[in-house]
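The values are calculated or read from the model by the stated rules, or taken from the named source; none is laboratory data. The shown structure was predicted, so the numbers you read here are calculated from the model rather than taken from an experiment. Here the Cβ positions follow ideal geometry from the backbone for every residue, glycine too, while neighbour counts run over all protein chains shown. Side chains are part of the model used for accessible areas, which takes the heavy atoms of the whole protein and leaves out ligands, DNA and RNA. Shrake-Rupley method; radii C 1.70, N 1.55, O 1.52, S 1.80 Å.
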Amino acid sequence: QVQLVESGGGLVQAGGSLRLSCAASGLTLSTNSMGWFRQAPGKEREFVAAISWRSSSSTRYADSVKGRFTISRDNAKNSVFLQMNSLKPEDTAVYYCAPVNYYTGQRTDVGSWGPGTQVTVSS
């Protein structure tokens with residue numbers, strides 16, 4: 001059974017940075033593309049970033065975070081990371097990770113979402 005545990009969120013001022021981590025068990029990152037999603041209050045969950053299982057240099061981003069966020073992974077630790085710089089109040093959301101189809105950004109398994117990690121950006 002796939003288990004995903006996100007961490008690293010917090011309260012930060014606009015312009016600040018945070019680094020999120022996702023520890024995965026029950027799946028092998030070296031054979032799964034991984035993605036980050038976020039859900040703001042009253043809004044649907046949206047795609048943020050993805051990293052291909054084929055190459056760590058193959059990454060995709062939502063237009064809203066391109067140039068500010070960087071996704072990476074450590075296969076040895078079976079973990080995925082999201083470095084978030086130049087944060088804006090509109091980045092405030094609960095952030096989740098999941099295995100994804102790299103090209104569509106859709107989650108590929110039918111497991112439950114992890115608890116997520118709250119990111120709050122004050123203006």
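What the table below lists for this structure:
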item	result
Point-to-point label distance, THR120-GLN106, nm (Cα→Cβ direction, 7 Å offset)	3.5
Heavy atoms of SER55: accessible area, 1.4 Å probe, square angstrom to 10	40
Longest site-free stretch - the chain; sites: chymotrypsin sites (Phe, Trp or Tyr not before Pro), DSSP loop, at most 16 other Cβ within 10 Å	1-102
Which of LEU4, LEU18, LEU11 is most accessible, then next, and so on - probe 1.4 Å	LEU11, LEU18, LEU4
Exposure ranking of GLU6, GLU46 by accessible area [1.4 Å probe, largest first]	GLU46, GLU6
Accessible-area composition of the chain, carbon plus sulfur, in percent [1.4 Å probe]	47
Three principal axis lengths of the chain [C-alpha, angstrom, descending]	39, 28, 25
Amide H within-cut-off set for THR92, under 5 Å, with H built and near neighbours excluded	VAL121
FRET efficiency estimate (nearest 0.05) - Cβ-Cβ, SER86 to GLN1, R0 41 angstrom	0.65
Label point distance in nm, GLU46-SER58, each placed 7 Å from Cα along Cα→Cβ	2.6
Size of charge dipole - the chain - debye, nearest 20, with Cβ of Lys, Arg +1 and Asp, Glu -1, no other charges	200
